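I have placed the structure first, in the form of structure tokens, so that the comments after it can refer back to it.
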Amino acid sequence: MRPFAYAAPGSVPAVIDALRDARPGTKILAGGTTLYDLMKLGVEAPPAVIDVHRLPELTGISVADTELVFGAGVRMADVSDHPVVSADYPALAESIWRAASQQLRNMATLGGNLLQRTRCGYFRGADFACNKRNPGSGCDAMEGHDRHNALLGASSSCSATYAGDFAIALLAFDATVDVVGPLGERSLALADLHVEPGENPAQEHVLAPDELIVRIRVPLTAAGRGSTYLKIRDRESYAFALASAAIGLVLDGDGVVTESRIALGGVATRPWRAVEAERSLLGRALSEESARRAGEIAFAAARPGHTNGFRVELGIRTVAEAVRIAGERAVR
């Protein structure tokens, strides 16, 4: 790890002032569970870090009349253990406790989790060509071992998978993030936060270098109670997803789907909303066939590489099973 400067401003406005004057490459430090790891690997080498983890403005969970509100500095464990989240939005709670060990959940923050970087081995290995780590160097994953790489949203420059879980569940429920910077505060849909690699894989989100996520807002919906986050992985002990799905359903008295939400994780270069798959369920009674069909539609545009083609069928089955679980919860 290279030497770096350290600052811990005492308020959000002071953080923004520090970011405005920061040297290029300065990073925000919250829980540190990703940044420190990448710094030790030499993938990240910021000249300075600005510590925000003690700021009271970034903490707190509230339940308003129309939305859940999470401070960006809230620890993951506080969300997964929150009684309202567990009861009314099981997909959100499950996406967090399936994401990491208790030790990591006690440290990692929601804002940092949303912006975590890929776990692609070619990105994290300094000896490999990686357009995300070193723009213009090429992508060794294209002709290499791509078992965990993206099936959706990849480009000729990058196929690295977005590794997070919480953002997938947030996406299914139309979450919004509030950010602040020198030009003031703005809000954007979580769906617009992350970007596909295109020809510029080094850009992973739309935030400016001097902007900070301050809160995450989730609209209240009946689909929250009839929801699940299903994560399929090589081992149960907090591995990253081979495929995952966040599903939220509302059924009428006859068991017909009146609201459907489907987001995919572990299979795309960003959190992925499966809109056409959602539409395929609307107005229909749930069945094995309709659940399977939703999975097939969700992965219709998948482009497998050399070694990850098995994950298309795995993803279809993941969606189908998650639809079944969400349907059972929706009628309780």
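The values are calculated or read from the model by the stated rules, or taken from the named source; none is laboratory data. As the structure is a prediction and not an experimental result, all values here were calculated from the model. A quick note on method: Cβ atoms are made from the backbone with ideal geometry, for glycine too, and the neighbour counts reach across all protein chains shown.
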Within region 12-42, the residues that are under 13 Å from LEU58 (Cβ atoms) and in contact with a helix residue (DSSP H, G or I) (Cβ under 7 Å, 6 or more places away or on another chain) are VAL12, LEU29, ALA30, GLY31
Would it be correct to say that THR59 is in contact with a Gly (Cβ under 7 Å, 6 or more places away or on another chain), of a type in the set (Val, Ile, Thr) and farther than 30 Å from ARG225 by Cβ? no
Please specify each residue of region 252-265 satisfying the condition of being crowded, with 19+ Cβ neighbours inside 10 Å and either in contact with a Leu (Cβ under 6 Å, 6 or more places away or on another chain) or over 19 Å from ALA191 (Cβ atoms) (or both). VAL257, SER260, ALA263
Select, from ALA126, ALA91, ALA99, the only residue that is in contact (Cβ under 8 Å) with a residue 60 or more places away in the chain and assigned to a helix (DSSP H, G or I). ALA91
Test GLU259 against the stated conditions and say whether it is among the acidic types (Asp, Glu) and over 30 Å from ASP146 (Cβ atoms). yes
Expected output for region 292-304 (first residue closer than 16 Å to THR161 by Cβ and in contact (Cβ under 8 Å) with a residue 60 or more places away in the chain, partner small (Gly, Ala, Ser) and assigned to a helix (DSSP H, G or I), Cβ below 7 Å, 6+ apart or cross-chain) is PHE299/GLY315
Run down VAL63, VAL69, VAL84 and say which single residue is surrounded by fewer than 18 Cβ atoms within 10 Å (Cβ to Cβ), at pLDDT 95 or above, among the aliphatic types (A, V, I, L, M) and over 30 Å from ASN134 (Cβ atoms). VAL69
In region 131-178, residues that are hydrophobic (A, V, I, L, M, F, W, C), assigned to a loop (DSSP other than H, G, I, E, B) and farther than 27 Å from LEU212 by Cβ total 4
Go through GLU236, GLU288, GLU296, GLU278 for me and flag whichever is closer than 12 Å to VAL319 by Cβ and out of contact with any Ser or Thr (no Cβ under 8 Å at 6 or more places or on another chain). GLU296
Scan region 44-69 for residues that are more than 21 Å from ASP210 (Cα to Cα) and not polar (S, T, N, Q) and report the count. 8
Looking only at region 178-195, filter to residues that are within 21 Å of THR269 (Cα to Cα) and either touching a Lys or Arg at 6+ places or on another chain (Cβ under 6 Å) or among the hydrophobic types (A, V, I, L, M, F, W, C) (or both); which one of those is surrounded by the fewest Cβ atoms within 10 Å (Cβ to Cβ)? ALA189
Filter result (surrounded by 24 or more Cβ atoms within 10 Å (Cβ to Cβ) and among the hydroxyl-bearing types (Ser, Thr, Tyr)) within region 230-251: SER244
Which numbered condition trips up ALA108, out of (1) modelled with pLDDT under 95; (2) closer than 19 Å to ARG311 by Cβ; (3) within 16 Å of the chain's Cα centre (by Cα)? (2)
Mind checking whether some residue in region 179-194 is within 29 Å of GLU143 (Cα to Cα), touching a residue at least 60 places away in the same chain (Cβ under 8 Å), part of a strand (DSSP E or B) and in the same structural domain as VAL69 (by TED's automatic domain parsing)? yes
Please go through region 1-48 and pick out each residue that is in a strand (DSSP E or B) and surrounded by 14 or more Cβ atoms within 10 Å (Cβ to Cβ). ALA7, LYS27, ILE28, LEU29, ALA48
When you check SER244 against the structure, is it out of contact with any Pro (no Cβ under 9 Å at 6 or more places or on another chain), closer than 24 Å to PHE123 by Cβ and either of a type outside the set (Gly, Ala, Ser) or assigned to a loop (DSSP other than H, G, I, E, B) (or both), yes or no? no
Every listed condition ((1) surrounded by fewer than 24 Cβ atoms within 10 Å (Cβ to Cβ); (2) within 25 Å of GLY315 (Cα to Cα)) holds for PRO209 save (2)
Just give me the residues in region 285-332 being exposed (fewer than 14 other Cβ atoms within 10 Å of the Cβ), touching a strand residue (DSSP E or B) at 6+ places or on another chain (Cβ under 8 Å) and within 21 Å of TRP272 (Cα to Cα), in sequence order. ALA301, ARG303
